[in-house]
Structures are given as C-alpha cells and as structure tokens.
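Throughout, read-outs are computed from the coordinates displayed, never taken from laboratory work. In this text the structure is predicted, and so the values were computed from the model without any measurement. Cβ placement follows ideal geometry from the backbone for every residue including glycine, while neighbour counts extend to all protein chains displayed.
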Amino acid sequence: MITKHDIEGLFHKQLSAIADGTIRDQTVATWVEAARLGGWQSVEELKAMPFTLLTKTHGISLVDHTIAVTEGALALARAQANAYAHMPYNVDMDRLTAGGLLHDVGKLVETEKDEKGGFRKSQKGMYARHPISGAIIAARCGMSDDIVNTIACHAKEGDGAPKVLETVLIHQADFATFDPLVMMEKGLLII
C-alpha cells in the first residue's frame, strides 16, 4: 500500500516548496488515494509505471515525468518573472507546484499492469481519461477548484475551456516533455 510517507519521499523537493500546509497535505492525500484506487502497492511499482501508453517512453516513469513537468512549469514561471519588467499576471507558486504534481495523478487509475509484465489502459481508464479521473479524486480529497482546474484542463479536455494561469504553464511543460518522444518515434525529431 502506498502511504503518505512514500509520496512525501518521491516528491520531497517539490512538496517542500508548497508554503500552504493544507495544499501540501491535500496533494499528498490525492496521490495516496489515486494509488489506492488504482491498486498500486509499492513505490517500486510507481517508479516502473510509464508516464504514457501512447508512445515509447524510453524508461521515463510517471514519477520522473511528474517531477519534470512540475519543475518545467516552475521554470517557465520564473523565466517570465525574471525577464518581464512588469508581470501582467500573478503566478501562484503553490497552485503551480501542486497542479504540476497532480496533473497526471489520474493515470494511477487509468493504467494497470498487464499479465506480460507491461502496462495497459484499465477499465476505469476506458471510461474517463486521467484529467477527468484525477480532477475527481483531487476534489474528493478537498482540493480547491482552481487546482482541480490545473488537472482537468491540462490536456485536450481543456481545449477552449477557461483556465487558471498555472494550467497553461503546466500544459506547456507537459507537452514539452511528451511531444519530442512522439516525434522521435515518428522519425520527425531532428537530432
């Protein structure tokens, strides 16, 4: 069983950057609950789970991807703050960090192990993609609507929908880590 301590260990650096203790605790609780619902039993299983089933991941796990997206979104926010003489909007760093950590949490119920040592889409995943399941789990764990928006709208489900600023940054960081792998698989990435 995945515990609070396990999730705090996986994402210690990012969680420690969340100033609001309630948001931090709800972020951890959402991961624990999603792991429970998905039947994940150990940190080793989480570290082995690919971050997507849509393309070859080259060993990049959901945990690795979650950290990369969170750190990438934070870097995008910092780059703007450092480069713009006057920021035209405020970035809520707690919301950005929590949203980055939670953007793909629904994959814990969308994905399951198969009988061949690999992974496949689960029955739950066939009913609702990870932005929807993740948003539902986060809301049930008490997460505020603005952070739920970062989960629900970070992918195609958010096309044309109103978004908090942090959702936009998470979306960009997410696809910056996904698109090159798809392009590489299709022979379209110039290396």
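Here are some notes:
- Global form of the stretch 1-89, assessed from the alpha-carbon gyration tensor, a/c cut-off 1.5: oblate
- Relative exposure of L101, L165, judged by other C-beta atoms within 10 Å (fewest first): L165, L101
- Over all distinct Cα-Cα pairs of the stretch 120-163, the Kirkwood formula returns a hydrodynamic radius of 10.8 Å.
- Fewest-first sequence of W40, W31 by Cβ atoms within 10 Å of each Cβ: W40, W31
- Remark on T111: its backbone amide H falls under 5 Å from those of S122, a criterion applied only to residues 5 or more positions apart or on other chains, H modelled at 1.01 Å from N.
- Helix-only arithmetic for the chain: the sum of -39500 (n - 2.57) across DSSP H runs with n ≥ 4, divided by the residue total, places the mean residue ellipticity at 222 nm at -18500 deg cm²/dmol.
- Computing percent of Cα pairs over 29 Å apart directly from the structure and comparing it against [x] 15; [y] 18; [z] 31 singles out [y].
- Counting beta carbons within 10 Å around each of R36, R120 and listing the fewest first gives the order R120, R36.
- Computed from point charges on the beta carbon alone (+1 for Lys and Arg, -1 for Asp and Glu), the dipole magnitude for the chain about its Cα centre is near 340 Debye.
- Euclidean distance of C-alpha centroids, the stretch 1-52 and the stretch 95-153, integer Å: 12
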